[in-house]
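Beneath this line is the structure, given in structure tokens, with notes to follow.
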Amino acid sequence: MHKTDTLILLVRSLSKAEKRRFRTYSRKSDYVAMFGIIEKDKEITAGELKKLFLKKKPGASFEATSTYLYKLLLDALLALREEQDNHYLLLNKILKAKILYEKSLFEAALDMLNQVKTVAEKYENHHAYLYAARLELEYLLALNFPNISETELLNKHFKIKEILKTIRIGNEQSSLYELLKYRIIHQGNIRSIKQKEKLYDLVFSEMNIVASSNINSFEIKKLHQLFQSNYLINIGDYKSALQSYYELNKLFENNSHLWANPPVYYVMALEGILDNLRGIGKYDEMPYFIGQLKCFRHPSVNFQAEVAALIFLYELFPLLDRGDFETSSVMMNRNKAGILGKIQLLSLARQAEIYLYEALVHFGNKEPKKAHKAILQIVIRGKSFYSIPLYRTIRLVNLMIRYQTGDIDTIRYETRSLSRILSQTEKAYKTERLMLQFLNKSQNLLLFQREKLWKKTAPVLDSLRNDIFERQILKLFDFTAFIEAELRRLPLHKVLAERNFLPRQ
């Protein structure tokens, strides 16, 4: 990416507080004029910025000004982060201690390193503690260990060994959690016993680490619960996963001073809890955890956008899952400007979710044109979204929309395309295959044929709803309800309302 493009994106990402901090650093000059041009035009390109800037400041150097503005913005953001995040503060203090030592202010340098260790220990910032402790020993060695006994020196060595052990165990757990997430992201949810067995190596390794470690660390406990809950939810064990998420939530609530900044791991935990509650139909327990999300305040625009999107989705899901499309539409329209207006700030996976459920709301309200317009936001950008596990579900919903409009040619083409993909992978759901068969065959069925097909299909649908692996796709949208509604000639909202995703034991 060109440096000027990066500068433009950086300015667009600034919060109001960050803009205020920048202005305290600045005075009337060329770079302030450039900042004003970018801030005023939300769609400006690098080429347009150069033209407008040189027109306003004909004697100035565009390259030098943009480089200096970029540097100044980062300096302002760094100063602000120091006030908001102890990680930045501790690293800055370590650098100041180095300067003090270089200026022969040895006592002041050692005192500052002790301050760093005290704060780092309180907030379990093990890397900052290790850096400060090793630097302290280097300085004490250079100064011939003034005013320190051998016992005190051995205690310092022992403390470093304990910190290194904690970092090592945390790193091992992080590696296993990252591998688990990688496999889930790139292979999708577990759809068979065979796929479940492929995760056993990670599970056994994680169990061994927990069994052999007696370290009482927030980070290690957090990683353990994250691993367990993500594994359990992806094998369809919703009850155990929910219990693990509850323990994780309790851990976060009891250690708010140890949250990351922004608290991304806590948000992941809350999303996991909400996802589980939705999966087992316990909608009445969701408002508390949605309320937790609403309490977050952070200057990061991207973080706030992700949280707002989560709140929107999990307030929408109970309505949508129960077939209340009318209220879903009211809620969606009320939030549309805020969510869709900031959708580019969201991850691709979250963007896909927003557009998918917007399309489903319109589909349920029998507004196929609006539904198609929403789903098209993903389909036309297929290369960007293709690797997301949700993408095949999106294509199925697109086929449902085409079915609603009677677009037989597109249905035939798309079902053949999806069938080829499913035949080449072991990651297909039975529900996906059934949907493709149904959409191909049921377009022009007569009434008696529908009744005959319903009697044949009803036991299959019951089997899918009771399959722990199939529940993972039915949680996204109950495609079996769509098939039942079409075969029995019932409104989709009525079938969903009758089921309400129950019973879920």
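Scan segment 421-444 for residues that are modelled with pLDDT under 85 and basic (Lys, Arg) and the total you get is 2. In segment 165-249, counting only helices (runs of 4 or more DSSP H) that sit wholly within it, the ones holding 2 or more residues that are open to solvent by less than 20 Å² (accessible area, probe 1.4 Å), in contact (Cβ under 8 Å) with a residue 24 or more places away in the chain and in contact with a Ser or Thr (Cβ under 8 Å, 6 or more places away or on another chain) span 218-234. Kindly list the number of the only condition in (1) surrounded by 16 or more Cβ atoms within 10 Å (Cβ to Cβ); (2) under 26 Å from the mean Cα position of the chain (by Cα); (3) assigned to a helix (DSSP H, G or I) that fails for residue 14. It fails just one condition, (3).
So that you can scan it fast, the table gives a plain yes or no per residue for (1) assigned to a helix (DSSP H, G or I); (2) more than 30 Å from residue 19 (Cβ to Cβ); (3) out of contact with any Asp or Glu (no Cβ under 6 Å at 6 or more places or on another chain); (4) open to solvent by 70 Å² or more (accessible area, probe 1.4 Å):
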position: 73; (1), (2), (3), (4): yes, no, yes, no
position: 79; (1), (2), (3), (4): yes, no, yes, no
position: 87; (1), (2), (3), (4): yes, no, yes, yes
position: 93; (1), (2), (3), (4): yes, no, yes, no
position: 96; (1), (2), (3), (4): yes, no, yes, yes
position: 104; (1), (2), (3), (4): no, yes, yes, yes
position: 107; (1), (2), (3), (4): yes, yes, yes, yes
position: 112; (1), (2), (3), (4): yes, yes, yes, no
position: 117; (1), (2), (3), (4): yes, yes, yes, no
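Considering only segment 44-64, I want to know if a residue exists there that is loosely packed, with under 15 Cβ neighbours inside 10 Å, within 25 Å of residue 299 (Cα to Cα) and touching a Leu at 6+ places or on another chain (Cβ under 9 Å). No, segment 44-64 contains no residue that is loosely packed, with under 15 Cβ neighbours inside 10 Å, within 25 Å of residue 299 (Cα to Cα) and touching a Leu at 6+ places or on another chain (Cβ under 9 Å).
Within segment 333-348, residues that are over 15 Å from residue 361 (Cα atoms) and without any contact (Cβ under 8 Å) to a residue 60 or more places away in the chain have Cβ atoms under 7 Å from residues that are surrounded by fewer than 17 Cβ atoms within 10 Å (Cβ to Cβ) and of a type in the set (Gly, Ala, Ser) in these pairs: 348/384, counting only partners at least 6 apart in sequence or on another chain.
Within segment 304-317, the set of residues being open to solvent by 20 Å² or more (accessible area, probe 1.4 Å) and in contact with a helix residue (DSSP H, G or I) (Cβ under 8 Å, 6 or more places away or on another chain) comprises 306, 308, 311, 315.
Taking the numbered list (1) more than 33 Å from the chain's Cα centre (by Cα); (2) buried (at least 18 other Cβ atoms within 10 Å of the Cβ) in turn, residue 144 passes all entries but (2). When the helices (runs of 4 or more DSSP H) confined to segment 389-492 are screened for residues that are out of contact with any Asp or Glu (no Cβ under 9 Å at 6 or more places or on another chain) and among the hydroxyl-bearing types (Ser, Thr, Tyr), those reaching at least 2 such residues are found at 391-405, 408-423.
The values are calculated or read from the model by the stated rules, or taken from the named source; none is laboratory data. Remember, it's a predicted structure, so these values are computed and weren't measured experimentally. Cβ atoms come from the backbone with ideal geometry, glycine included; neighbour counts cover every protein chain shown. Quick note on the areas: whole protein, heavy atoms, side chains included, nothing else; ligands and nucleic acids left out. Shrake-Rupley method; radii C 1.70, N 1.55, O 1.52, S 1.80 Å.
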